[in-house]
Amino acid sequence: MKKTIRILSLILVLVLCAGMLSACTDTGSAGNTTNGSTAGSSGSSADSTDKKEETLEYTIGEVTAVDASVLTINICKATDKKVTDCTTVDVSTLTVTDETSSVTIAEDAEIYYTVSGELIETTQDKITEGRIIAAATDNAGIQQIVILDYIGESATASSDLVVKVTDIADDGTLTLAIYELSASAAGYTITDYAAAELDNFVDAQRTQALSIDDSVIIEAAQDGKLTDAAFEDIAVGDMLIIYDNAEGHTAVAIYHTDDTAA
């Protein structure tokens, strides 16, 4: 009888210990789940912060001197305090100040010019005295320089640019009124640069100052044909179509005021 009681007592002790161990295991699991959830939430917040897009802030200036890779500029003030998109800058609204600065062109700098809202890659030799540039460096240390008042030869096709010449400076810089398709002509595409229907375009109330490089092909449109022309043939009031021809070269078709009602 005593043996039986001892055995039963031992069994009860073992059952009690097993119950306590089970309770401890459950508590540990709950604690681990809570900690894991908190850590996961914190990591998600960090990932969200890292995915924020970088916004570049450009310094704009008129180049007054070029010494190898060092540019001296006069700072230009824009209507907006900060310029973060060079493709929308209206050069004619910039104010050139007496404040000077210098920009050193990095060996791996990305150099562009802008036409019709696009950045087109170009080379350092296109940065000359008198040019208006915008410069910025991203978080990765890559320098970007954009020439804001230049049209040059491009290696890739870009959208056609329809403009009207409103002024020609002594240095050859053109002030252009940008034109866009009217609502009634939505979908129209220029298929023949010698006979474009320019009455489909209306003044977009935006201007851009540009210089035309010697490599640009200039032709005059008349009677449905394009004939060789020169920069000197461009006059105030003319309509211009700036486009990339079949060979990938930038070209300008001149529509003299008397030849179009646009």
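The values are calculated or read from the model by the stated rules, or taken from the named source; none is laboratory data. A quick note: this is a predicted structure, and the numbers were derived from the prediction, not measured. Note: ideal-geometry Cβ built from the backbone for every residue, glycine included; neighbour counts use all protein chains shown. To get the accessible areas, we keep the full protein, side chains included, count just its heavy atoms, and leave off ligands, DNA and RNA. Shrake-Rupley method; radii C 1.70, N 1.55, O 1.52, S 1.80 Å.
The ratio of the alpha-carbon radius of gyration of the stretch 58-188 to the globular-protein estimate 2.2 N^0.38 Å is 1.11. Only protein heavy atoms count here; under a 1.4 Å probe, ILE133 has an accessible surface of about 0 Å².
For the stretch 163-253, what class follows from the C-alpha gyration tensor (a ≥ b ≥ c being the square roots of its eigenvalues): rounded when a/c is under 1.5, otherwise prolate if a/b is larger than b/c, else oblate? Walk me through the numbers before you get to the answer.
Working: a/c = 1.76, a/b = 1.16, b/c = 1.52.
Since a/c reaches 1.5 but b/c is at least a/b, the shape of the stretch 163-253 is classed as oblate.
What are the GluC sites (Glu not before Pro) within the stretch 170-243 that DSSP puts in a loop, where the Cβ has at most 16 other Cβ atoms within 10 Å? Could you put the intermediate results ahead of the total?
Numbers: sites: GLU180, GLU197, GLU219, GLU232; in loops: GLU197.
Sparse-neighbourhood loop GluC sites (Glu not before Pro): GLU197.
Counting only protein chain heavy atoms and rolling a 1.4 Å probe, the accessible areas of VAL89, VAL236 rank, largest first, as VAL236, VAL89. Note that the stretch 155-253 presents 51 Å² accessible area per residue, ligands and nucleic acids not counted, probe 1.4 Å.
For the stretch 62-156, trypsin sites (Lys or Arg not before Pro) meeting the loop criterion (DSSP other than H, G, I, E, B) and having at most 10 other Cβ atoms within 10 Å: LYS81, LYS82.
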